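Shown next, in structure tokens, is the structure this report addresses.
The values are calculated or read from the model by the stated rules, or taken from the named source; none is laboratory data. Please read these numbers as outputs of a predicted model, since none were measured by experiment. Note that each Cβ is placed from the backbone with ideal geometry, even for glycine, and that neighbours are counted across all protein chains shown. Please note that ligands, DNA and RNA were not included when accessible areas were found on the heavy atoms of the full protein model with its side chains. Shrake-Rupley method; radii C 1.70, N 1.55, O 1.52, S 1.80 Å.
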Amino acid sequence: TINPYRGCEFGCPYCYARYAHEFLALRDPALFEHKIYVKRFEPERFRQELKRIPFRDLVWLGTATDPYQPAERRFRVTRRILEVFAGEQGRLFGITTKSDLAVRDVRLLSGIARRNAIQVHLSVTTLDEGLARQIEPLAPRPALRLAAARQLASAGVPVSILSCPVLPLLNDSEASLDAVCAAAAAAGASSFHASPLFLRLPA
């Protein structure tokens, strides 16, 4: 797994990755979205580390924080990682994001897809713009994410839509899930997944 950043500016209150900041002695959960750590990236060292990973192993970008959060516009760490992957062949590679910024790299991702097995997972929790603004206050609107999925799929980049998390009494109805699934299909997504809310037990 690769996480170019620690912390995430999207500020989703349900995010399990907030707990990661406890390892830095940052006990205030709000710091997760206000104090963003940008990891130093050295392409040549990364290439050498990548050589040690078997081709049968899946390499996943963005498992704890969004690799296309607003900080990426300035620091471009995700972009530099993808530039290394553009020189690879036969890799299993995935990205998880809820940002339409991924389309910035559509040509790069398309090139990677021609030589590797890649999947971009875009998170679309709900089509209800009002609800989305409450539970994902700083993330791009669902319509923008679906538009990004459509553009990526049109460029030959396999896209999956994630309705994650499924929140009790908020977006867990069949109608809500069916609507997201239908929108995913219309955008050209090759698959659709949903998973329930994860809550950690009190310490």
Report task. Among the candidates F55, F93, single out the residue that is aromatic (F, W, Y), touching a residue at least 12 places away in the same chain (Cβ under 8 Å) and in contact with a Gly (Cβ under 7 Å, 6 or more places away or on another chain). Result -> F55
Report summary line: When region 146-203 is checked residue by residue, the ones that are within 24 Å of N116 (Cβ to Cβ), assigned to a helix (DSSP H, G or I) and open to solvent by 20 Å² or more (accessible area, probe 1.4 Å) are R150, Q151, A153, S154
Report summary line: Checked region 75-86 for anything of a type outside the set (A, V, I, L, M) and touching a residue at least 24 places away in the same chain (Cβ under 8 Å); matches are F75, T78, R79, R80, E83, F85
Query raised in the report: I95: closer than 19 Å to C15 by Cα, in a strand (DSSP E or B), among the hydrophobic types (A, V, I, L, M, F, W, C) and open to solvent by less than 40 Å² (accessible area, probe 1.4 Å), yes or no?
Result: yes
Report task. Tell me which residues, restricted to region 126-145, are at pLDDT below 95 and open to solvent by less than 10 Å² (accessible area, probe 1.4 Å). Result -> E136
Query raised in the report: Out of all the residues in region 112-124, is one or more touching a helix residue (DSSP H, G or I) at 6+ places or on another chain (Cβ under 6 Å), at pLDDT 95 or above and in a loop (DSSP other than H, G, I, E, B)?
Result: yes
Query raised in the report: Does region 66-87 include one or more residues that are farther than 25 Å from L199 by Cβ, open to solvent by less than 30 Å² (accessible area, probe 1.4 Å), in a loop (DSSP other than H, G, I, E, B) and of a type in the set (S, T, Y)?
Result: yes
Query - Among the candidates V106, V59, residue that is in a strand (DSSP E or B) and either open to solvent by less than 40 Å² (accessible area, probe 1.4 Å) or modelled with pLDDT of 95 or more (or both) - result: V59
